[in-house]
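Where a number appears in this text, it was derived from the coordinates with a stated rule and is not lab data. Computed from a predicted model, the values in this text were never measured in an experiment. Cβ sites come from the backbone with ideal geometry, for glycine too, and all protein chains shown count toward neighbours.
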């Protein structure tokens, strides 16, 4: 094999690898959007359940959010954004802060689940507020507004 063929083979291999990586990242965006929509639906269900004092539902939905937050880091590989994504570049620029916020939301959801399991009305209310602040605290610096 001559030098030109080797170089061509290396270039093709590199381009194929880059294409596969870009395609994999494009697949992650709908997955993380689905996860976030799941969190939003769970949060709405929790709000309703808190009002009804349905602690089993609060616990289940809080655990769902905690589980989702445990998956979050894997869904945000460096630079995985597109025109369909509301993820800001700040996620990767401030990765430690982003992951700390995600862990904080996971802990807040677990704390809410524990309060619901104990059927402690005051703690459920307080922990629900903490969870809301935790989620909003991450969205403000790391999520762009909806496109009009």
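Output the peptides 83-90, 95-102, 40-47 sorted from most to least packed, where packing is the average of other Cβ atoms within 10 Å over each peptide's residues. Kindly include the intermediate steps, with their values, before the conclusion.
Working: 83-90: 13.8, 95-102: 15.2, 40-47: 16.8.
Going from most to least packed, we get 40-47, 95-102, 83-90.
If R₀ is 22 angstrom, what is the calculated FRET efficiency for the pair residue 60 and residue 34, using the beta carbon separation as r and rounding to 0.05? Don't skip to the answer; put the middle values down first.
Working: r = 19 Å, r/R0 = 0.85.
Here the calculated transfer efficiency is 0.75.
7 Å from Cα along Cα→Cβ at both residue 53 and residue 147: what's the point-to-point distance in nm?
Placing both labels 7 Å along Cα→Cβ, they lie 4.8 nm apart.
Using a 7 Å offset from Cα along Cα-Cβ at residue 118, what residues in the range 45-59 end up with backbone N under 17 Å from the label point?
Once the point is set 7 Å along Cα→Cβ of residue 118, 55-56, 58-59 turn out to lie under 17 Å by backbone N, inside the range 45-59.
Order the peptides 140-146, 124-130, 32-38 from the highest to the lowest mean number of other Cβ atoms within 10 Å of their residues.
Working: 140-146: 12.0, 124-130: 18.0, 32-38: 14.9.
Packing proxy ranking, top to bottom: 124-130, 32-38, 140-146.
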